[in-house]
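Engineer: Here you go, one structure.
Just so it is clear, none of the values below were taken in a lab; they were calculated from the coordinates. In this text the structure is predicted, and so the values were computed from the model without any measurement. Reconstructed Cβ throughout: ideal geometry from the backbone, glycine too, with neighbour counts over all protein chains shown.
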C-alpha cells in the first residue's frame, strides 16, 4: 500500500478550503469521481449500519432547483458534482434486519450466529429509552461521511464546499425523498476552484492548537 | 502539491477497518502524530467556528480510567494515542465574538468589517428559534472531525477504531470537562493493528452502491 507522507497530507489539507467559486467548465473525470463514490461507500459508521443515501447531481436543471433552496449559492450550479447526504429517519428493526442479511451474505455466515449482534443494535437504537434520538445518531454518521468525503477529495486535488444554509425540507421534495424515510441533512459541492476565487488566497483561520488540543502524556 | 492517485486512496480506505486489537508495543511516531493533530485543527466546520476540543491521551493511567467508562474495550489501553472529541455545549455570543477576534487577528482586518458575518452566525445559532439545538449542530461538526481524522490516518497507514459504547458523562468527569461548557461526544483509538486481529481479514460489509447512491445525470 503506497501511503502519503505527512508533508503530502498536510499540503493537501492546507490547500483545501471551502470553495466559494467553482470553474463551471471543469468537470471531475469519471475515474476520480468513481473513487470518491467508493470512498463514500467505505465510510465507517456506528455498528457498520450505513444509515445513509448519497445523491449525486450532475443534472443542471436539478441543480438549478436545489440552488433555489440553498440561498441561491452559485456553487450549487457551478460545481462539477453536487452531493446530497440523506440519512434514515428511523433506524428500525427492519433496517437492522436488512443489514444483518447483508453481513450474512457478504461474509457467508449463518444468520443465527448474528443474533447477538442484532440484539445489541436493537438495544442501542430501537429499545433504548433514547431511541427517538436515533435520527441524531444517523445524522452524526452522515457527518462522518462528509468529513471523509472532503478529505478524500482533497488528497485527490479536488475542491469541495460543504453547504450550510440549505432548506432540507425543500431538498427532500426536489429529490423525491419526502415520506421515503430518508431526510436530507447536508450537501457538498465538488469540482475545481475558479482562478478568481479570492477566498483561495485568504489565510486559514484556526484557533491556536494549544487552545484546541489538550495532552495527557 | 503531490496528490494521491485514485488507486492509492482506495487502497488506503480498503485497508482501513475498525481495529479491534492494537499492538501495544507500537507507537505512532511524533512527526506522524503531529500531522494528525494538524489535520484535526484543519477540519472544516460550519462558519469555520471550530466548536471543539481534542483531548489526546497517551498516559496509561488515564487510559485505564477511560477504559472502565468504555465497556472495558481493550483498544483504549492498547492503542498508541487515544483521541477524545468534545464539543461546545452552547455556542453563544461570547464564543462567536472570540472567533471574530481570531479572524480579525489572523487576517489583519478590522472588527467592524466582520459585524455582518457575526450577525449571520448569531442569527443562525443564537437567536434562531431552534438555537437550543446548537449542541446537535456542534456535535455534527465533531463528527466531521472524526471522519477527517480516520481518513487522514488511513492515508498515512495508521490504524484507528472509533469508539461507540462509551459513557460520555464519565469521560467528562475523568477529563475534567464537567461544568466546563464542553462535552465528550465520541472517541477514537489510533495506533497499529495487532498481527492477530482477525477482523483485519474479514470482508468489509457494505450495501451495494446502487442501493446507496442515486444519480441525477
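Engineer: Sort shortest first the distances from residue B:1 to its counterpart in every other copy, using label points 7 Å along the Cα-to-beta-carbon line, and give them in nm.
Structural biologist: Those separations, rounded to one decimal, come out as 2.3 nm.
Engineer: Which residue is it, in chain A, whose C-beta lies closest to the A-to-B rotation axis, and what is that distance in whole Å?
Structural biologist: Checking which Cβ lies nearest the axis yields A:147, 1.
Engineer: Over the protein assembly as shown, what lengths in whole Å, largest first, do the semi-axes of the equivalent ellipsoid take, defined as the square roots of 5 times the eigenvalues of the alpha-carbon gyration tensor?
Structural biologist: Semi-axes (√(5λ), whole Å): 30, 27, 23.
Engineer: Find how many whole Å separate the alpha carbon centroid of the stretch A:108-180 from the alpha carbon centroid of the stretch B:100-149.
Structural biologist: Each part reduced to its Cα centre gives a spacing of 23 Å.
Engineer: Let me ask another. When each copy gets a label point 7 Å from Cα toward the beta-carbon at residue B:170, what are the spacings between them in nm, shortest first?
Structural biologist: 4.7
Engineer: Under the convention of a label 7 Å out along Cα→Cβ, give the distances in nm from residue B:113 to the same position in every other copy, shortest first.
Structural biologist: 6.4
Engineer: Would you mind telling me which residue in A:193, A:67, A:107 has the biggest mean-square fluctuation in a Gaussian network model of chain A, where springs connect alpha carbons within a distance under 10 angstrom?
Structural biologist: A:107
Engineer: With n ≥ 4 as the cut-off for DSSP H runs, can you work out [θ] at 222 nm for the protein assembly as shown, using -39500 (n - 2.57) per run divided by the number of residues, rounded to the nearest 500? Kindly include the intermediate steps, with their values, before the conclusion.
Structural biologist: On the way: 18 runs with 184 residues, N = 434.
Estimated from H runs of four or more residues: -12500 deg cm²/dmol.
Engineer: Please check which bits of the stretch A:124-149 a label hung off residue A:94 would reach, taking the label as a point 7 Å along Cα-to-C-beta and the cut-off as backbone N under 16 Å.
Structural biologist: A:126
Engineer: Give the span of the stretch B:11-61's Cα atoms along each principal axis, as three whole-Å numbers ordered largest to smallest.
Structural biologist: Computed over the stretch B:11-61, the largest-to-smallest principal extents equal 40, 34, 21 Å.
Engineer: In addition: Most fluctuating residue of A:186, A:205, A:87 in a GNM of chain A with Cα springs under 10 Å: which is it?
Structural biologist: Per the Cα network of chain A with a 10 Å cutoff, A:205 tops the list.
Engineer: Next question, about the same structure. What whole-number volume per residue, in cubic angstrom, does the convex hull of the C-alpha atoms of the stretch A:153-202 give?
Structural biologist: Numbers: hull volume 5.7 nm³, N = 50.
That works out to 114 Å³ per residue.
Engineer: Simple spin-label model, 7 Å along Cα-to-Cβ: residue A:107 to residue A:72 in nm?
Structural biologist: 5.3 nm
Engineer: Between residue B:59 and residue A:58, what's the calculated FRET efficiency when r is the beta-carbon distance and R0 is 45 Å? Round to 0.05. If you can, show how the numbers build up before the last one.
Structural biologist: Working: r = 50 Å, r/R0 = 1.10.
The calculated FRET efficiency here is 0.35.
Engineer: Classify the stretch A:82-217 as rounded, prolate or oblate, taking a ≥ b ≥ c as the square roots of the eigenvalues of its Cα gyration tensor: rounded when a/c is under 1.5, otherwise prolate if a/b is larger than b/c and oblate if not.
Structural biologist: On the way: a/c = 2.08, a/b = 1.62, b/c = 1.28.
Prolate, because a/c is 1.5 or more and a/b exceeds b/c.
Engineer: Name the residues of the stretch B:77-102 whose amide N is less than 19 Å from a point 7 angstrom out from the Cα of residue B:115 along the C-beta direction?
Structural biologist: B:93-94, B:96-102
Engineer: For the stretch B:134-175, what are the per-bin percents of Cα-Cα distances with bins 5 Å wide, up to the bin holding the maximum?
Structural biologist: The calculated distribution, bin by bin, is 6, 18, 17, 26, 20, 10, 3.
Engineer: Oh, and also: State the dimensionless ratio Rg/Rh of the stretch A:1-156 (Rg: radius of gyration of Cα atoms; Rh: Kirkwood radius).
Structural biologist: Details: Rg = 18.8 Å, Rh = 18.1 Å.
Ratio of gyration radius to Kirkwood radius: 1.04.
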